[in-house]
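Every read-out reported here was derived from the displayed coordinates using simple, explicitly stated rules and does not represent laboratory data. All values derive from a computational prediction rather than experimental measurement. Cβ: placed from backbone, ideal geometry, glycine included. Neighbour counts: every protein chain shown.
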Amino acid sequence: MKALLPLLVVLLASCTSTTVDEFRQGATGINSDESVVILGRRHSSDYETRAEFVDCVGERMTTGNDALSVIPEKQFVDAMFPWFEPRTAPLRTRDLERLMSEPVVADKMAEFGVRYMVWLDGFTETSGRTGTISCTVGPGGAGCFGFGSWEDDSTFDARVWDVASLQNVGTISTDATGQSYVPALVIPIPLIARVEANACIRLGDQLKQFVNGE
Amino acid sequence: MSYSIQSIAKALCASVCALVLASCGVSKVVIEGSYPTPNVAKLPLTLAVVYDEPLRSFSYIEYSETGAEEFNIASGESHVALFDAVLPAMFQSVVQVASLEDAEALGVDAIFVPAIDEFQLALPYKTKLDVYEVWIRYNLRFLTGDGAPIADWVLTSYGKTPTESMRTADSAINDAAVVALRDLASSFSLSFAQVPEVRDWLASR
């Protein structure tokens, strides 16, 4: 029974499935002196792309084989202020074209060496919360009993703009779902599905290949 | 040194009462953030800016559904810090003065007087949305160097921040307000020269 427990934990904790779709609209490739900037969309009224997810994808693209130079989002947005704020950021490539006609914007872009601009848009939704866990504290000690579970669903789109040609060169979509469980028998044992982390890893890897033209 | 059971019980009771009262009291949030300098073309003007006392000491109180004070949000100094970062990037020279009279005495090209008209806060437990939201409405006045009005217009700004499990309400309100202040800075710096009265005045110089 003791030997089966780690296996059970691994099985329960790894209940995440991730799907990645790529739609290529143009040729890609990047030189060693060029860089990529990853930005989160924040213009929607009821959600915004988390900065932590944007950072995670960026970090993933800077590691491993064919690592890319990625400009941190905050550094870029602050340096380009006020042109990439939620209300002023370009929503389409023709908005970027208009923006690049501003000498201060074009100069800053050239200074950063930005070749590709990646717009991440999405969020993680939690649904299907079931079960209850009750905890009690008494003179003899404390303990919890019960079972809880929920489902997380991460949906993110990455639109890749080529700053050199001012064209949308492709879109990569990722959808990850996973069930998390918290059984409690005296001590609660959280078995959390790493849904957003898996979406970040898969999207980061796919984006790296896409930008490198593979 | 010895303590009676009664004195220990009294001290314990006082501590618990103080803790309960503190947890029921208003939460004071002083907005703090850093604001980048805008990348915009400078106007060749010498500007005097008047931060009056209502702006400097501006604070907003959010009441709970029972009418008790819930959050006291002080954003006056943060607004001053924001304009101090934005105005020098928009104008050739900026000088800060205490009153309109002082500004008129300086012989500058123009005077700018910002004021906060209204502040609104939306909390997740009231809106049932997973975001903290802040709206701010400003009244902005632009005058000639001798105090004659050029333009008087309203600008609104908006900021939001998502709820997160390990983030306190105070921190989320601060972040939403900082986003709203950045929104003000971006709209103000990009739209200032497009305000019809300002545009006409600039063209006439």
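Sum up the charges of everything whose Cβ sits under 12 Å from the Cβ of A:VAL54, counting Lys and Arg as +1 and Asp and Glu as -1, but leave A:VAL54 out.
Surrounding charge for A:VAL54 is -2.
Straight distance only, please: which aspartates and glutamates reach the Cα of B:LYS28 with their own Cα at less than 15 Å, same-chain residues fewer than 8 apart left out?
By straight Cα distance, B:LYS28 reaches B:GLU62, B:GLU69, B:GLU70, B:GLU77, B:ASP170, B:ASP175.
Using unit Cβ charges (K, R positive; D, E negative) and no other charged atoms, how large, in debye to the nearest 20, is the dipole of the stretch A:124-214 about its Cα centre?
Numbers: 5 positive and 10 negative charges, 59 e Å.
It works out to roughly 280 debye.
Can you pull the one-decimal nm distance between simple spin-label points at A:ASN65 and B:SER204, each 7 Å off the Cα toward Cβ?
6.9
Could you check the simple spin-label distance between B:SER34 and B:THR163, using points 7 Å along Cα→Cβ, in nm with one decimal?
Label-label distance for B:SER34 and B:THR163, simple model: 3.1 nm.
Mean residue ellipticity at 222 nm from the helices of chain B, using -39,500 (n - 2.57) per DSSP H segment of n ≥ 4 over the full residue count, to the nearest 500 deg cm²/dmol?
-12500 deg cm²/dmol
Along the positive direction of the dipole of the protein assembly as shown (beta-carbon charges: Lys, Arg +1; Asp, Glu -1; about the Cα centre), which of A:SER45, A:TYR181, A:GLY140 reaches farthest?
A:GLY140
Can you give me the distance in nm between label points at B:ALA148 and B:ASP170, each placed 7 Å from the Cα along the Cα-to-Cβ direction?
About 5.1 nm separates the two model spin labels.
Compare A:VAL169, A:VAL137, A:VAL118 in a GNM of chain A, Cα atoms joined below 10 Å, and give the one with the largest fluctuation.
A:VAL137
Among A:SER45, A:SER127, A:SER17, whose mean-square fluctuation peaks in a Gaussian network model of chain A (Cα, cutoff 10 Å)?
Maximum fluctuation in the GNM of chain A, among the listed residues, is at A:SER45.
Taking the stretch B:76-168, which trypsin sites (Lys or Arg not before Pro) meet the DSSP loop condition and have no more than 11 other C-beta atoms within 10 Å?
Sparse-neighbourhood loop trypsin sites (Lys or Arg not before Pro): B:LYS128.
Find out how many positive minus negative residues lie around A:ARG194, taking Lys and Arg as positive, Asp and Glu as negative, among other residues whose Cβ is under 14 Å from that of A:ARG194.
Value of the local net charge: -3.
I'd like the FRET efficiency for A:THR136 and B:TYR125, computed as 1/(1 + (r/R0)^6) with the beta carbon distance as r and R0 of 35 Å, rounded to 0.05.
The computed FRET efficiency comes out at 0.80.
Return, ordered by residue number, the residues of the stretch A:144-179 whose backbone nitrogen is under 19 Å from a label point located 7 Å along Cα→Cβ of A:ILE189.
Output list for this probe position: A:144-150, A:179.
So how strong a dipole does the stretch A:48-101 carry about its Cα centre when Lys and Arg Cβ are +1 and Asp and Glu Cβ are -1, to the nearest 20 debye? Write down the numbers at each step before the final one.
Details: 7 positive and 10 negative charges, 49 e Å.
My answer is approximately 240 debye.
Would you mind working out the magnitude of the charge dipole of the stretch B:54-205 relative to its Cα centre, with +1 at each Lys and Arg C-beta and -1 at each Asp and Glu C-beta, to the nearest 20 Debye?
So the dipole magnitude of the stretch B:54-205 works out to roughly 400 debye.
Going by how many other beta carbons lie within 10 Å of each one, how would you line up B:MET166, A:MET109, fewest first?
Lowest count first: B:MET166, A:MET109.
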